[in-house]
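Have a look at the structure below before the remarks.
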Amino acid sequence: MVKPNIVANGAIKWANGVREEMNISQTGSTLTFLTPASMLNPGGITIFSRIDSARNGNCEHYYNEGSVKVRMQVCDTGEVTLIQDGQVVNVGSLSQAVY
């Protein structure tokens, strides 16, 4: 099995101290993350796609292509919010220039 790889050009530093690298498409329409391997998951990639009609002020909204109930909000200030089933599950900030 080929191990997935991305070319990271951005990262999120979550409130719990975890830093997660990602690839942001040139248009900003997709955010691609590596999914860590575990006993139940061989690992892979997770893609969040922008919801073009859902821009709210200075924030962009994305959905997880593999689990549409998982959303991410990324604001111009660098604030990032991860939402699952309508509940905030993590917050963080962009820790690298993204575009």
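The values are calculated or read from the model by the stated rules, or taken from the named source; none is laboratory data. Please read these numbers as outputs of a predicted model, since none were measured by experiment. For neighbour counting, all protein chains shown are included, and Cβ atoms are generated from backbone atoms with ideal geometry for every residue, glycine included.
Restricted to the range 12-22, and to residues there that are within 9 Å of the chain's Cα centre (by Cα) and not acidic (Asp, Glu), the residue that is surrounded by the fewest Cβ atoms within 10 Å (Cβ to Cβ) is Met22. Filter the range 79-99 for residues that are surrounded by fewer than 14 Cβ atoms within 10 Å (Cβ to Cβ), modelled with pLDDT of 95 or more and under 17 Å from Glu60 (Cβ atoms) and give the result. Answer for the range 79-99, where residues must be surrounded by fewer than 14 Cβ atoms within 10 Å (Cβ to Cβ), modelled with pLDDT of 95 or more and under 17 Å from Glu60 (Cβ atoms): just Val88.
Scanning the range 1-30 for residues that are in contact with a Lys or Arg (Cβ under 8 Å, 6 or more places away or on another chain), within 18 Å of Asp76 (Cα to Cα) and either outside any loop (DSSP other than H, G, I, E, B) or among the hydroxyl-bearing types (Ser, Thr, Tyr) (or both) yields Ala11, Ile12, Lys13, Ser29, Thr30. In the range 56-89, the residue that is farthest from Phe33 (Cα to Cα) out of those that are of a type in the set (Val, Ile, Thr) and in a strand (DSSP E or B) is Val88. Scan the range 33-63 for residues that are within 16 Å of Ile6 (Cβ to Cβ), surrounded by 12 or more Cβ atoms within 10 Å (Cβ to Cβ) and modelled with pLDDT under 95 and report the count. Final tally of qualifying residues: 9.
Restricting attention to the range 46-87, the residues that are of a type in the set (D, E, K, R), within 16 Å of Ser25 (Cα to Cα) and out of contact with any Phe, Trp or Tyr (no Cβ under 8 Å at 6 or more places or on another chain) add up to 2. Hey, does the range 49-68 have a residue that's over 10 Å from the mean Cα position of the chain (by Cα), among the aromatic types (Phe, Trp, Tyr) and farther than 16 Å from Ala15 by Cα? Looking through the range 49-68, none of the residues is over 10 Å from the mean Cα position of the chain (by Cα), among the aromatic types (Phe, Trp, Tyr) and farther than 16 Å from Ala15 by Cα.
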